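Chemist: One structure, as structure tokens, below. Some questions next.
All of the numbers you see were taken from the coordinates with simple rules; none came from a lab. As the structure is a computational prediction, the values presented were derived from the model and not from experiment. A quick note on method: Cβ atoms are made from the backbone with ideal geometry, for glycine too, and the neighbour counts reach across all protein chains shown.
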Amino acid sequence: MAYYQLRRQVAFEAARLLYAREETEYHRAKLRAARRIYGGDFSSTDLPRNRDVRDQIMEFARADRRQLHAEELGRLPDLTAEADSEPRDRFLAFTMLLEPLERVHQNRESHPEGDALYHSLQVFALARDERPYDEEFLLAALLHDIGKAIDPRDHVAAALEVLDGLITPRTAWLIEHLHDVPGLLDGTIGIRSRRRLQASEDYDDLVLLAQCNRAGRSIGVHVPDVPDALDSIREVAEMCGE
């Protein structure tokens, strides 16, 4: 069988494992799927990209949604255009990426609030108070930790890979450099890196996002749930003409 077909099979099986909640991390799901498809001998280059697994999960979700509508209405409605529209696909992907964070439990010393989803929703709520009409900033706040449920070894790179094509370069830049801010403020980051960050027109927003990230670690505070958070971002996107 052709090499690319085997990788597609691994992506399909990894997506199935994640969608069925048999695995909760992309990396572990891909390894388990690869062992099943390749039979044992494979390298990291034989694994599919996270975004390929993500796209397959979205296909499963769309198929389930169409089936649900068919069962409820007794016929297949003409939902093809709606289901395949970019905004709906994008927010569906965000939902699928955020939900596993509820099972990501963090270090209690640095994150007394508990799981990564609760933290992310706190950061989003704080960011919305500061920049309620900035869709890119709000998405960075909400999605900055999704990589922790994909590959905890390098959650920033994992997040940027799986979000490729779903977020703007500005949102990606904010997520990529969020964790550089503590080093920037305490002087432990290199001079060149500091100058590059400070030269960006989004530097002030990066520092603000880092402040929200640091403050979003409280116990017992009220936060919106994932659908409410995404609905508020969708409203901002619609107001901006997307």
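Chemist: Run the helix sum for the chain: -39,500 (n - 2.57) per DSSP H stretch of 4+ residues, divided by residue count, reported at 222 nm to the nearest 500 deg cm²/dmol.
Modeler: Mean residue ellipticity at 222 nm (helix-derived): -20000 deg cm²/dmol.
Chemist: Here is a further query. When the Debye formula is applied to the Cα atoms of the chain, each taken as the same point scatterer, what base-10 log of I(q)/I(0) results at q = 0.11, 0.16 Å⁻¹?
Modeler: -0.64, -1.22
Chemist: Read phi for every residue in the range 105-113 and hand back ³J(HN,Hα) as whole Hz from Karplus 6.51 cos²θ - 1.76 cosθ + 1.60, θ = phi - 60°, with x for Gly and Pro.
Modeler: 9, 9, 4, 5, 6, 8, 9, x, 5
Chemist: Sequence gap at least 6, Cα distance under 8 Å: using those rules, report the relative contact order of the chain to the nearest whole percent.
Modeler: Over the chain, the number comes to 19 percent.
Chemist: Say each of Ala237 and Glu22 gets a label point 7 Å from the Cα, pointing the same way as Cα to Cβ; how far apart are those two points in nm?
Modeler: Spacing of the two 7 Å Cα→Cβ label points: 3.1 nm.
Chemist: If one takes the longest principal axis of the Cα atoms in the chain, at what angle in degrees, from 0 to 90 and to the nearest 10, does the Cα axis of helix 226-239 lie?
Modeler: Here the helix axis deviates by roughly 80 degrees.
Chemist: Once you have the Cα-Cα distance between Thr45 and Arg103, take 0.36 nm times their residue separation minus that, and quote the gain in nm to one decimal.
Modeler: Numbers: separation 58, 0.36 × 58 = 20.88 nm, distance 2.79 nm.
In short, 18.1 nm is gained.
Chemist: Next question. Tell me, what HN-Hα J-couplings in whole Hz come from the Karplus equation 6.51 cos²θ - 1.76 cosθ + 1.60 at θ = phi - 60° for each residue of the range 8-21, using x for Gly and Pro?
Modeler: For the range 8-21, the Karplus-derived couplings read 5, 5, 5, 4, 4, 5, 4, 5, 4, 4, 6, 5, 7, 6 Hz, x marking Gly and Pro.
Chemist: Tell me, what HN-Hα J-couplings in whole Hz come from the Karplus equation 6.51 cos²θ - 1.76 cosθ + 1.60 at θ = phi - 60° for each residue of the range 162-170, using x for Gly and Pro?
Modeler: Couplings: 6, 8, 4, x, 10, 10, 7, x, 5 Hz.
Chemist: For a quick check: with amide H placed at 1.01 Å from N, whose amide H comes under 5 Å from Ile150's, ignoring anything fewer than 5 positions away on the same chain?
Modeler: For Ile150, whose amide H was placed from the backbone, the distant partners under 5 Å are Tyr26.
Chemist: Points 7 angstrom from Cα along the Cβ direction at Glu59 and Thr95: gap in nanometres?
Modeler: Output for this residue pair reads 2.0 nm.
Chemist: If each residue of separation counts as 0.36 nm, what is the full-extension length gain between Asp154 and Asp115 once their alpha-carbon separation is subtracted?
Modeler: Answer, rounded to one decimal: 12.3 nm.
Chemist: Report the calculated FRET efficiency for Ala215 and Ile191 (r = Cβ-Cβ distance, R0 = 25 Å), to the nearest 0.05.
Modeler: Efficiency, from the Cβ-Cβ distance: 0.35.
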